[in-house]
Amino acid sequence: AGPSHAGRKYWVFGNFALNGTSPGVTLGSVNIPLNPDPWTQVTIDFANTAALSMTKGTLDGNGEASASLNSLAPQPAAPLGLTLQHCYLVYQSGPPDQYFMASNLVPWTTVP
């Protein structure tokens, strides 16, 4: 997010790529470029778990963070070619909550 957002909070959200980006979700003046679906709910409910590591936290002094989507065994194989999209929201808890920016979506596709 860059140095101007250092110390602010971030949260990674996702959706299935086939559900698109428009109209998205608007919080304050920030548009999160994804349409909510079941994967969005998973990224909310399981933030900062073994499967969705560091997907919610505080940006460092450079306005950076690192998150990961981890495969947990044993589990059924995800359908090959399934594409998930993820973006992050930069915000500050209130009251009132403040929303500063959302990133573009980054696709992730399952492969053998």
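Observations on the structure shown:
- Potential lengthening of the chain between residue 60 and residue 45 amounts to 3.0 nm, from the contour at 0.36 nm per residue minus the alpha-carbon distance.
- Accessible surface calculations at 1.4 Å, restricted to protein heavy atoms, place segment 12-101 at 57 Å² per residue.
- Relative contact order [Cα under 8 Å, 6+ residues apart], the chain, whole percent: 34 percent
- Scaling the Cα radius of gyration of segment 1-48 by the globular reference 2.2 N^0.38 Å produces a ratio of 1.27.
- Rolling a 1.4 angstrom probe over the chain with all protein chains present gives an accessible area of which 59% lies on carbon and sulfur atoms.
- Each label was represented as a point 7 Å from its Cα along the Cα-to-Cβ direction; for residue 104 and residue 80 these points are 2.9 nm apart.
- Stretch gain in nm, segment residue 4-residue 111, where the contour uses 0.36 nm per residue and the Cα spacing is subtracted: 34.9 nm
The values are calculated or read from the model by the stated rules, or taken from the named source; none is laboratory data. The model shown is predicted, which means the values in this text are computed figures rather than measured ones. FYI the Cβ positions are ideal-geometry reconstructions off the backbone, even for glycines, and counts take in every protein chain you see. Ligands, DNA and RNA are stripped out before the accessible areas are found, and what is left, the full protein with its side chains, is counted by its heavy atoms. Shrake-Rupley method; radii C 1.70, N 1.55, O 1.52, S 1.80 Å.
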